[in-house]
Amino acid sequence: MAPCRLLRAGWGPQRPCGSRLAAALCAAVVALALARAPAADATSASLLGINYGRVGSNLPPPQSVLPLLEGLGIGRVRVYDADPAVLRAFARTGVELVVGVPDECLAAVADPGGAAQWLKESIVPFLRDTKIAVLTVGNEVLTGGNSSALSRVLLPAMQSLHGAVAALGLDKQITITTAHNLGVLGTSYPPSAGAFRKDLLPYLCPILDYHARTGSPFLVNAYPYFAYSDDPKGVQLDYALLEPGFAGVQDPNSRLHYPNLLVAQVDAVYHAIAEANTAASRVVEVRVSETGWPSAGAANETGATPRNAARYNSNAMRLVAEGRGTPLKPGVPLRAYVFALFNENLKPGLASERYYGLFKPDGTPAYDLSFKLPRDNSTFGYGGGGSGNANGSSGYFNGGGNSGGYYDISAAGRWWRAWAQAAAAAGAAAVLMVAV
C-alpha cells in the first residue's frame with residue numbers, strides 16, 4: 001500500500017502541460033473557470049448527488065465538470081481524495097462536496113496528531129471558498145482487499161478526524177463517516193432478515209455507537225445491478241431497474257411492500273443496524289453513497305447495456321427527487337449519489353467497471369436519461385450567496401435546450417462543448433499574450 005501523502009495539484013493520470021502552448025491553454029482554462037461570482041450558501045432542495053471518480057487517462061480537467069453538473073441540476077458531489085486541483089475547481093460554486101480520505105491515509109490519521117495534520121494540509125486551506133460537508137474515511141474498508149490491515153484502524157481514524165474537526169470548531173459544518181460495501185451484510189433477503197456478517201460485528205457495533213453519538217450517517221454503496229447480474233433468473237430485471245410500473249415484492253415477515261430492489265437493500269441495512277445495535281437504530285440514518293448501472297461490459301456481464309443504464313439511473317434520480325423514504329422508514333427521505341459522472345478507462349476489475357459514467361470523457365452523454373430533474377428540485381440557484389442569477393442558475397447554463405423548467409443531460413453535453421470551445425478560444429488569446 002502506498003504511504004499517505006498530501007496530494008499535489010494535478011495529481012492523477014492526465015496529459016501534462018509541458019510546452020509553452022499547452023501551458024498557456026491550461027492557464028486560460030483555469031482562468032476562465034475561476035472567473036465566477038462569490039460562493040452561494042450551500043443549501044439544496046435536492047437530495048441527489050453524483051460520484052466524480054477520476055481513474056482515467058483521458059478525463060477533462062476538474063474545472064470543466066461544472067457545466068455538466070449544472071446542466072444536470074446536481075450540486076452534491078462525492079470525490080475520492082483531497083486533490084487540491086479538484087477542491088479549487090469547486091471554489092465559489094456552492095456545490096457541496098463529500099471528500100474521501102484515501103485508504104492509504106487511514107493508519108496516519110488514526111493518530112490524533114496525524115489527523116490534525118492531514119486536516120490542516122488537505123482540507124482547511126480550501127474551506128473559505130469550497131463547501132466541504134462530509135469526509136468519508138476510506139471506501140469499503142471492511143470488505144476490501146486490505147481489510148485485514150485497515151479494519152482495526154477504521155474507527156480510530158474516524159474518531160481522530162472527528163476530534164480534529166471539533167477542535168477547530170467545524171464539527172457542525174463537516175461530518176466524518178465512512179462508506180461500506182453492501183457485502184457487510186451476511187443476509188439481505190428478505191429485508192426484514194437483514195443482518196451484518198458476524199465476523200464484522202466487532203468493528204461495526206462500535207462504529208454504530210460512533211454514528212449515534214456524532215449524528216453521522218451510515219453510508220452504503222448499493223448496486224441492484226450486481227444482484228441481477230449474479231442471478232438474472234432469480235431477480236426480475238424491472239425490480240432491479242427500479243421501474244415504477246413493476247408490481248413489487250412483499251416481505252413475508254414484515255408484510256411491507258417493496259416496489260424496487262434499491263429500497264429493499266437500504267431497508268436490509270436498517271434491519272441489520274437494529275439487529276446489531278438497537279440504540280443506534282433509533283437515530284442512525286442510512287444513505288446511499290454509490291449506486292449505478294454500467295452501460296457496457298464483457299459478454300458474460302448480464303444486463304450491462306446503455307438502455308438498462310439509462311433506465312436505472314433515470315429511475316434512481318426520480319426516486320430521490322420525489323423525496324420519499326423507504327417502506328421501513330417512510331418519513332426519512334432517501335439520499336443517494338449516482339455512480340458516476342464519467343466513464344473511467346483505468347478502473348481495474350470487470351470490463352463493466354469502466355462504463356458507469358453518465359458521460360464519456362469528451363463530455364457527450366453515454367446515453368439519454370428519460371428523467372429530467374426539475375429546476376425547483378436542484379442545488380443550483382439556491383442559498384443566500386451571490387452565485388445564482390435571477391433564473392436560478394449559477395451562470396454556466398442559460399436554459400437553452402431545456403424546456404418546461406427541467407434539466408437535460410443532452411443539453412448539458414451541448415453546453416459542455418460550448419464551454420470547451422470558449423476555453424479553447426481563451427487559450428488561443430492567452431497564447432498570443434504569451435508570444436507578445
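Read-outs throughout are calculated quantities, based only on the coordinates presented, and are distinct from any laboratory measurement. These figures come from a predicted structure and were not determined experimentally. Note that we place each Cβ from the backbone using ideal geometry, even for glycine, and neighbour counts take in every protein chain shown.
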What does the net charge come to around GLY183 if you take all other residues with beta carbon closer than 9 Å to its beta carbon, with K and R at +1 and D and E at -1? 0
I want the local charge near GLY113. Using Cβ-Cβ distances under 13 Å, sum +1 for each Lys or Arg and -1 for each Asp or Glu among the other residues. -1
Amide N proximity, segment 239-283 versus THR187 label position 7 Å along Cα-to-Cβ, cut-off under 15 Å: 251-255, 268-277
Quick check: convex hull of the Cα atoms in segment 106-257, volume per residue, rounded to a whole Å³? 152 Å³
Centroid-to-centroid separation of segment 63-97 and segment 283-304 [C-alpha atoms, Å]: 22 Å
Checked against the positive end of the charge dipole of segment 139-247 (+1 on Cβ of Lys and Arg, -1 on Cβ of Asp and Glu, about the Cα centre), the farthest of LEU182, VAL235, LEU208 is LEU208
Amide H neighbours of PHE359 at under 5 Å, excluding residues fewer than 5 places away on the same chain, with H built from the backbone geometry, are PHE342, ASN343, ALA366
For the pair PHE226 and GLU322, how long in nm is the line joining their label points, each one 7 Å along Cα→Cβ? 2.5 nm
Taking amide hydrogens as modeled 1.01 Å from N in the peptide plane, which residues meet the under 5 Å criterion relative to PHE196, leaving out close sequence neighbours? GLY186
What order, most packed first, do the peptides 114-125, 286-297, 229-240, 256-267 have when packing is the mean number of other Cβ atoms within 10 Å of each residue? 286-297, 256-267, 114-125, 229-240
With a cut-off of 8 Å between alpha carbons and a minimum separation of six or more residues, what is the relative contact order of segment 173-296 in percent? 36 percent
So who's got an amide H within less than 5 Å of the one on GLN250, skipping anything under 5 residues away but keeping other chains? H placed 1.01 Å off N, in plane. TYR258
Rounded to whole Hz, the Karplus (6.51, -1.76, 1.60) HN-Hα couplings of segment 96-106, x for glycine and proline: 8, 9, 9, 10, x, 9, x, 3, 5, 9, 4
To the nearest 0.05, the calculated FRET efficiency linking ASN253 and ARG307 through their beta-carbon distance, R0 being 22 Å, is 0.05
